[in-house]
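All remarks here apply to the structure that follows.
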Amino acid sequence: MHLESIATIPLSMKITTVESSKLPSIDFDNLNFGTVFTDHMFVCNFINGEWQDPEIIPYGPLTIDPSARVFHYGQAVFEGMKAFKDENNKVWLFRPDENFNRLNKSASRLAMPELPEDVFFNGLNTLLNLDKEWIEKGKGNSLYIRPFIIADEPAISASPAANYKFMIILSPARSYYSGEVRVLIAEKYSRASSGGVGSAKAAGNYAAQFYPTSLAHKEGYQQIIWTDANTHEYLEEAGTMNIFFRINDTLITAPTNDRILDGVTRKSIIQIAKDNDIDIQVRSLKVSELIDAAKNGSLKEIFGTGTAAVINPILGFKHSSFKHELPKINDSYATLLKEILNNIQYNLAEDKHEWRYEVKSM
Ligand SMILES: *Cc1c(COP(=O)(O)O)cnc(C)c1O
């Protein structure tokens, strides 16, 4: 990957380290996902049309003017990635070029400036080198990486800001178990619409989801399967994950479009399924087809895919008055595919597609 060479280009970067690390005080056995952050953070400001020299500083609160655009018009995009540590203490990222490209696609869609590749990768490499003691070895352990860009120019005129802040923060994570997941298929609310920002990792997409999801919680469902906004007839995403259905021995997932996030886990699972001779169809699936398959017993599995959980099996669903529980099966594709993907991520298996990227020690 040509990222290797990029990471070695020195970037003029000021680094201020903490006086003492918080690490000894962290209880890794009781980590609440996304609540604990490492010692340092990476910051790069965009001012008057240019990205400035970046900085690494101790993790802590920011001072931002209350009139900053991000608070009023939601100009904010983000990414979610993970770093893994193998048995030899080497640190690995999984397809980070995909996250970098997607961050810039999201930024463009929200009229925000694109980030130069060297800022992203040098920032990430340097920050991970500083805080790599925070990554625990072993499957299930990882360091969740949250890069994001916000509009911090102080002015509430309704137009794109001139100033932005790109940051990377890091949060240690244990295997993400989201409990038993049953889902409600959306019949009224939508996550995204055609021509909208559904395919961007825009902060506002999440805000729009919280209320309908809280209604689902009240009915005893943990997530919503989003359907297309126009007809609610086609299955699109599960909560904040892409979604796969197994009917007989065929896996089906929706093609990406401007309402569906182009997930890195989704595209990796599609490739791994192909590599393992699992029949995979990338096509739209109708709600009616899902219900027919549930009724005639051919529906075997449903699972969501995303960086945080990798694969999250869905145990049951409800649509209108129709409720269905998935059968327990022994030859689960979800379990198999997750195992194969994890083995690549943790440097335990051959990486024939060159998805792994080593964070070299500095
Ligand atoms: C981030 C995200 C995903 C998963 O993408 P990955 O790259 O696999 O982590 C899926 N759907 C939505 C809406 C997302 O925001």
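The values are calculated or read from the model by the stated rules, or taken from the named source; none is laboratory data. Keep in mind it's a predicted model, so treat the numbers as computed, not measured. Note that each Cβ is placed from the backbone with ideal geometry, even for glycine, and that neighbours are counted across all protein chains shown. Keep in mind that these areas ignore ligands, DNA and RNA; they rest on the heavy atoms of the full protein, side chains included. Shrake-Rupley method; radii C 1.70, N 1.55, O 1.52, S 1.80 Å.
You can think of it this way: the chain between Glu180 and Ser157 has 3.8 nm of extra reach, that is 0.36 nm per residue less the Cα-Cα gap.
Placing +1 on the Cβ of every Lys and Arg and -1 on the Cβ of every Asp and Glu, with no other charges, gives the chain a dipole of roughly 780 debye about its Cα centre. Can you bin region 3-174 into rounded, prolate or oblate? Criterion: square roots of the alpha carbon gyration tensor eigenvalues sorted a ≥ b ≥ c, rounded for a/c under 1.5, prolate for a/b above b/c, oblate for the rest. Here region 3-174 falls in the prolate category.
Normalised by 2.2 N^0.38 Å, where N is the number of residues, the C-alpha radius of gyration of region 81-144 stands at 1.27. Multiplying the residue separation of Val282 and Asp65 by 0.36 nm and subtracting their alpha-carbon distance yields 73.6 nm.
Enclosing the Cα atoms of the chain in their convex hull gives a volume equal to 147 cubic angstrom per residue.
Taking the Cβ of Glu87 as the centre, find all other residues whose Cβ is under 13 Å away and add up their charges (Lys, Arg: +1; Asp, Glu: -1). Spelling it out: positives minus negatives among the neighbours equals +2. Between the residues Phe78, Met362, Phe120, the greatest Cα displacement towards the positive end of the dipole of the chain, with unit charges on the Cβ of Lys, Arg, Asp and Glu, is found for Phe78.
Backbone amide hydrogens, once placed in the peptide plane, bring Val77 within less than 5 Å of Ile149, Ala203, excluding anything fewer than 5 places away on its chain. From helices alone, the chain scores -7000 deg cm²/dmol at 222 nm; the rule is -39500 (n - 2.57) for each run of n ≥ 4 DSSP H residues, then divide by the residue total. The listed residues Met13, Met167, Met362, once ranked by accessible area (1.4 Å probe) with the largest placed first, stand as Met362, Met13, Met167. Going by a ≥ b ≥ c, the root eigenvalues of the Cα gyration tensor, does region 108-255 fall in the rounded group (a/c under 1.5), the prolate group (a/b larger than b/c) or the oblate group? Oblate, because a/c is 1.5 or more while a/b does not exceed b/c. For region 3-174, the dipole from Cβ point charges (+1 on Lys and Arg, -1 on Asp and Glu) about the Cα centre works out to 460 debye, to the nearest 20.
For region 182-329, a/c is not less than 1.5, where a ≥ b ≥ c are the root eigenvalues of the C-alpha gyration tensor, and a/b does not top b/c. That puts it in the oblate class. Of all lysines in the structure, those lying under 22 Å Cα to Cα from Lys85, and not within fewer than 8 positions of it along the same chain, are Lys22, Lys132, Lys137, Lys139, Lys338, Lys352, Lys360.
So, by mean Cβ neighbours within 10 angstrom, what's the order for 79-89, 272-282, 21-31 with the highest one leading?
Ranking the peptides 79-89, 272-282, 21-31 by packing returns 79-89, 272-282, 21-31.
Full extension of the segment from Leu215 to His72, taken as 0.36 nm per residue of separation minus the current Cα-Cα distance, would add 48.9 nm. Over region 275-362, accessible surface divided per residue gives 51 Å², non-protein components excluded, 1.4 Å probe. With all protein chains in place and a 1.4 Å probe, the accessible surface of the chain carries 49 percent carbon and sulfur.
Other residues with beta-carbon under 14 Å from the beta-carbon of Phe71 carry, at +1 per Lys or Arg and -1 per Asp or Glu, a net charge of -1.
How big is the dipole moment of region 302-362 about its Cα centre under a simple scheme where the beta carbon of each Lys and Arg is +1, that of each Asp and Glu is -1, and everything else is neutral? Debye, nearest 20, please.
300 debye
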